[in-house]
Every structure is written in C-alpha cells, then in structure tokens.
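See below for the structure under consideration.
The values are calculated or read from the model by the stated rules, or taken from the named source; none is laboratory data. The shown structure was predicted, so the numbers you read here are calculated from the model rather than taken from an experiment. Here the Cβ positions follow ideal geometry from the backbone for every residue, glycine too, while neighbour counts run over all protein chains shown.
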C-alpha cells in the first residue's frame, strides 16, 4: 500500500503543480478544453495513463470544463501516486491545449 503524505509534503508537492488545490483528502484541478471533443480526447488520454498507473481519478465533464480529483482511497488520503498522476494529467492537458 502507498504511504500517506504529511501536510508539509502535500504542500510541497502542490507547489510543483500549479492549478491543483487540496480539498480535504484529495487534490483537484479543472481545465478548460478548446472544445467539447477536445475535453473528451483529454479524458481518453488521462484514462490510458490511469490504467497504466493502476490509479484512477474521479472525472467530471461539464461541456468544455473537465475536473479531475485524485486521492488514494486504499490508503485513506494523499500519496505520491496522486501527485505523480496529477503531473501526467497536466502533461496531457498541455498536449490537448486545455488550461
């Protein structure tokens, strides 16, 4: 099982991920895709990365706005896995021109 991060580690990791905020035991970010289909393509790219990492975000799609929320439920909070996947989501969003 992944090791929980303490508050100092979470704060430090969030500094590396502009746009992500802490929401209790999760981190979240909303991006705006250039189009609805661009948002869907982003979700598909993130879904592939999530499967590869065996770590799956909560995803909410509202037209062009896509919100990602990450938490390691099996550990009961935030772990390095959440921040690693958040960085991959950021890279995918950049490739899809979603910001």
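Assorted remarks:
- Residue 86 surrounded by 14 or more Cβ atoms within 10 Å (Cβ to Cβ), in contact with a helix residue (DSSP H, G or I) (Cβ under 7 Å, 6 or more places away or on another chain), part of a helix (DSSP H, G or I) and at pLDDT 95 or above: no
- Residue within the range 41-54 that is in contact (Cβ under 8 Å) with a residue 40 or more places away in the chain and either more than 18 Å from residue 97 (Cβ to Cβ) or over 14 Å from the mean Cα position of the chain (by Cα) (or both) present: yes
- Residue within the range 13-25 that is in contact with a strand residue (DSSP E or B) (Cβ under 7 Å, 6 or more places away or on another chain), outside any loop (DSSP other than H, G, I, E, B) and within 21 Å of residue 97 (Cβ to Cβ) present: no
- Applying the condition of being in contact with a strand residue (DSSP E or B) (Cβ under 8 Å, 6 or more places away or on another chain) and assigned to a helix (DSSP H, G or I) to the range 63-83 and asking which residue is surrounded by the most Cβ atoms within 10 Å (Cβ to Cβ) yields 82.
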